[in-house]
Amino acid sequence: MNEPLMNQPLTTISFSKSSDAVALITLNRPKALNAFDEAMRNELGLALSRAMSDKSVRAVVITGEGADSAPADVTGFPATARLRTS
C-alpha cells in the first residue's frame with residue numbers, strides 16, 4: 001500500500017499499538033452504535049494494512065467504543081453492494 005494512504009487520518013476508527021506487539025483497532029461511531037458503514041470499511045482496511053506492514057505486530061484486536069454495537073449501517077453503502085434478489 002502506498003505511503004500517503006498508510007498515513008491517512010482515521011475518523012471512524014482508531015488504531016494504536018501496545019508495547020507487547022498487539023495492534024488495537026477501535027470502531028469509533030458510538031452515536032451510531034458503531035454500525036459498520038462504507039467509511040469504516042475503508043478505514044478498517046487501512047488499519048489492517050498498517051498492522052500487517054508492521055513486523056512487530058503479532059496480534060490484532062478489534063473492539064468497539066461504548067457498550068453497544070449494531071451490525072451495519074446499510075444506508076451508507078452504495079446500491080451495487082446490496083444483495084441481488086434475482
**Prompt:** Are any residues in segment 14-63 closer than 18 Å to T75 by Cβ, assigned to a strand (DSSP E or B) and without any contact (Cβ under 8 Å) to a residue 40 or more places away in the chain, and if so, which ones?
**Reply:** F36
**Message:** Condition first: in contact with a strand residue (DSSP E or B) (Cβ under 6 Å, 6 or more places away or on another chain), open to solvent by 40 Å² or more (accessible area, probe 1.4 Å) and at pLDDT 90 or above. Now tell me which residues in segment 23-49 satisfy that.
**Reply:** L24, N28
**Prompt:** What do you reckon, is K17 among the charged types (D, E, K, R), modelled with pLDDT of 90 or more and out of contact with any Cys (no Cβ under 6 Å at 6 or more places or on another chain)?
**Reply:** yes
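The values are calculated or read from the model by the stated rules, or taken from the named source; none is laboratory data. The structure displayed is predicted, hence computed values, not measured ones. Please note: Cβ atoms are built from the backbone with ideal geometry, for glycine as well, and neighbour counts cover all protein chains shown. For accessibility, only protein heavy atoms count, side chains too; no ligands or nucleic acids. Shrake-Rupley method; radii C 1.70, N 1.55, O 1.52, S 1.80 Å.
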